[in-house]
């Protein structure tokens, strides 16, 4: 057993305590009132990097929340340089009343640590830092150069990341990017993600009457904008679960039989999807498996809908406005701008003359597919095998990581996605949790991964 | 000019000041935190009645907000006894940011007085009390006996009124009921309401996955309950604006050609409905005029819809639940309980197996049609003619007044609806207002009305 792995095993309780300290900082990037806590989280991470001996540690201003940069270049010019990507911001914790324990009061129950950001992704970030600590402090040493790009705006669509990268291309230059915002399929099923869906996230606002009306006096004579928005959303899928927006599938790269074979090897059958979601029954695009639907096929979801009176009891209002947040998950080679055009074409065709509508884009990114035979992927595969005793599966991820596309575009660099979140971690939902035994293994995987790169 | 009318004209500024004092009390019956203000408003009205010389003034406990009772029986056994119905509660004022001036800070702009409850219906209540004051203080005298039933729960569907009436039948006994919760079509168009729609107000809750999910990880494999609820609501109307719930129209009393003729005399053409609603275009049930659609035909409206994340920005959530408040306006002879069954049948037939649903009833009441040749209606007609110089039109009202049905059922008494609200008063909406010149005329109509009854 290498020294660093021993070090990990001897220090895992302390590692968890340090993770808990970071989880206590409510770094919710979308909430303007959390600006102070965002800076606190960035400074906390920067202090960790300084303790590890990183150079050039700084909070880079972005126009939004700061980006934490640091570098470790002591492996020399002959060693590879890896750009480490992570984010220190988290999703809002609402609805707070559905949390068993406080979202920002990390609590261990059974094998899990519960807190907002435990899995997405302060856990991943700390696994990375603790692996580096283990290599450096155990005497085993770190034979790769590292640069850190730890941003604070991933959960709001990374609005300032691309300009920050564009303005600092030399600073971020590396051989490839290790993006730790990933997950595996199950504690006993290590996997590496080779594909990601993109996203196009819109807000649709529909306005009918100029103000809220009494539904008794006007109901029947005035078209209800809430009904209209329901009808527009209802029309966005056909009975077979396909998205009906004109041109939506035009650019979709078809799944090859070979790739469907890889995806079929994954252990996520319908029973698995039922259990993980708790839904009474599954439904999705005809002709595809649930795993394909959720990772390799494009989708359209309602993420929010608000109109009229939604408090307790009743109010007999015919609302003036109705709002829906609607997002599409994209696959190669769909273009988010063309998807917006599809949505607008649909609304132009289908919206009745009784209302007016607007569409705003909240975030968008293209999907991506990673090379599966690169040095980095082979090192990760060997690292997983060293810890789990078996080779990882290769999977596509249904979520979006906009930075992967931005790093491709701006730095000409591929990203490897390695992370240790689990599908039932309640990401973006109440009772988010981290599976601690998997997290400890994850720290060891990162140790082996950096060690594998030494041999290259 | 009779003494009482002179008295009204000499005191109208004071009358308005006194109305403003009542409007400053935020008596929102649906809000548990307004319990104190509800009692304050009830006590305020009770004090007014005592000042007028009413006997037996009391706040009757109902199990909810108190009912203000008082009687004036000094006209003797030979005179008719009129049960006066009004309510001192108001709708919530939200959304507060759409009010030009504070909802509970009555403000005069032009000919209007702006405040929550100005038109619905503290204005009506005060018009009635000030007409009585004018008759009593001017020396003209009041030749009818009066009983007051001023409730505090009309805006939440009068949940405790029926049991309170049932337990006090002798107390409320009268010859007929004057319900002042009504309106006229326009300042120059006096009208008497002979029909009211009923209501069946439901909350539908749909649950899919057991908790909120990440729309990237699960989107495509799990049916989105927000989409499902949109589809269910979309299916509740056909392309011609008809309600599709099974059996919805089975009991609907057809409009006779004669009645359609009366309704066609009303000045509310499509241009009027466009102007009053500010909607870009009108839409409703095929084969009926807008006035018929909004008063004499049953309808279905979404009054509220909430799911997922509805704050600023984006959250990539696949929500576990979606909620809609849906209400139907009913006409004779629809039964609210049968309408609930219709809704449940529809949901049983149409809801997919991917979700579970529940339906809760928030309020329900039958529609009603009043006799148009009664003594009371003839007195009201003459009173309008005395003030406006022309006979009133007869119209049906699209809103619901559950108490009318309850008084019919429990006291065997007909109700006459006379009020002075206008269709653009923004009832139940921001910037509710009262047209002051019409209100002053309304006080005079009540003076003439009581005087007309003296002659009978």
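The table for this structure:
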quantity: Global geometry of chain B, whether rounded, prolate or oblate, following the gyration tensor of its Cα atoms and the 1.5 cut on a/c; calculated: prolate
quantity: Relative contact order (%) - chain A, alpha-carbon pairs under 8 angstrom, separation at least six; calculated: 26
quantity: The stretch A:324-456, Rg to Rh (Cα coordinates; Rh as Kirkwood inverse mean 1/r); calculated: 1.10
quantity: Cα long-axis angle, helix B:402-411 against chain B (0 to 90 degrees, to the nearest 10); calculated: 60
quantity: Cα gyration tensor, the stretch A:395-456 - rounded (a/c under 1.5), prolate or oblate; calculated: oblate
quantity: Helix-only CD estimate at 222 nm, as mean residue ellipticity for chain A, using -39500 (n - 2.57) per DSSP H run (n ≥ 4); calculated: -10500 deg cm²/dmol
quantity: Acute angle (nearest 10 degrees) that the helix B:375-388 long axis makes with the longest principal axis of chain B, alpha-carbon atoms; calculated: 80
quantity: Angle between chain B longest axis and helix B:12-23 axis [Cα atoms, degrees, rounded to 10]; calculated: 40
quantity: Contact order normalised by residue count of the stretch B:20-100, Cα under 8 Å, 6+ apart, percent; calculated: 30
quantity: The protein assembly as shown: antiparallel DSSP beta bridges as a percent of all, rounded to 5; calculated: 70
quantity: Shielding score for B:41-50, defined as the mean number of other chain Cβ atoms within 10 Å; calculated: 0
quantity: For the stretch A:352-400 and the stretch B:143-186, distance of Cα centres in Å; calculated: 65
quantity: Orientation-averaged projected area, Cα convex hull of the protein assembly as shown (nm²); calculated: 39.4
quantity: Shielding score for B:203-211, defined as the mean number of other chain Cβ atoms within 10 Å; calculated: 4
quantity: Burial ranking of peptide ranges B:342-354, B:190-202 (average Cβ count within 10 Å, highest at the top); calculated: B:190-202, B:342-354
quantity: Exercise: per-residue mean of other protein chain Cβ atoms within 10 Å, B:317-324; calculated: 6
quantity: Normalised per residue, the volume of the convex hull around the Cα set of the stretch B:348-403 (Å³); calculated: 149
quantity: Surface/4 estimate of mean projected area, convex hull on alpha-carbon atoms of the stretch B:188-310, nm²; calculated: 11.1
quantity: Antiparallel content of DSSP bridges confined to the stretch B:1-146, in %, to 5; calculated: 75
quantity: Fraction of beta bridges assigned by DSSP in chain A that are antiparallel (%, nearest 5); calculated: 70
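A short reminder: the numbers here are calculations on the coordinates, not readings from a lab. Just so it is clear, the model here is predicted, and its values are computed rather than measured. Positions of Cβ are backbone-derived with ideal geometry, glycine not excepted, and every protein chain shown enters the neighbour counts.
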